[in-house]
Amino acid sequence: MFRWLVSLGFLCAVSALLLMPSMEMDAEESGQFIAIIGACAFILGFLAIFLLLSKTVVTDHEVRSHSWFASKTISFSDIEKVGYSRFFGGRFILQGTSQAVKVPIMSVGSAEFVDKLSEKLGRERAGAAVEALAKQKQQIERL
């Protein structure tokens, strides 16, 4: 859902820039409009590309997170702590001794991922992920 909102925001900002010549504004207002909407379009476009090019692969032995600039892998046996962060729409944080892998909560298959995490690590160690997923489900049901 977060990916769709970012993409929709980008398209709205670009549309506003394209419709700008038909709006009646003086030179100062026009410059401010282009600067603000252009900056929003740039940031949202960059974020949309980043989100669309990232993916997470979960196997029976490891979790691999790919983005356009890096790839991280952590095996289930190396996970010491499971956490949750609300930034970027919500992410599970799988903390190992040498690195952390972040998995977006809004990914397709998040419930299956949490089930596999609970199966591999135990319900207590995966508690933060289970709790975050339950809160996410409650928020969606309220809509």
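Nothing in this text is a laboratory measurement; each read-out follows from the coordinates by a stated rule. This one's a predicted model, so the numbers in the text were calculated from it and none came from an experiment. Here the Cβ is made from the backbone with ideal geometry for all residues, glycine too, and neighbour counts use every protein chain on show.
The angle separating the long axis of helix 27-52 from the principal Cα axis of greatest extent in the chain is about 20 degrees.
Measuring from centroid to centroid over Cα atoms, what is the spacing of the stretch 44-69 and the stretch 98-143 in Å? After rounding, the separation between the Cα centres reads 17 Å. Packing order of peptides 79-86, 25-32, highest average first: 79-86, 25-32 (average count of other Cβ atoms within 10 Å over each peptide's residues).
Once the Cα atoms are used to define both axes, helix 127-142 deviates from the longest principal axis of the chain by about 40 degrees. Relative to the dominant Cα principal axis of the chain, helix 110-121 is inclined by about 30°. For the peptides 66-72, 131-137, residues were scored by their other Cβ atoms within 10 Å and the scores averaged per peptide; the highest-first order is 131-137, 66-72. The amide H of residue 62, built 1.01 Å from its N in the peptide plane, has 76 as neighbours under 5 Å, considering only residues 5 or more places off or on other chains. Other residues with beta-carbon under 14 Å from the beta-carbon of residue 99 carry, at +1 per Lys or Arg and -1 per Asp or Glu, a net charge of +1. Each Lys or Arg adds one and each Asp or Glu subtracts one; over the other residues with Cβ under 9 Å from the Cβ of residue 72, this totals +2.
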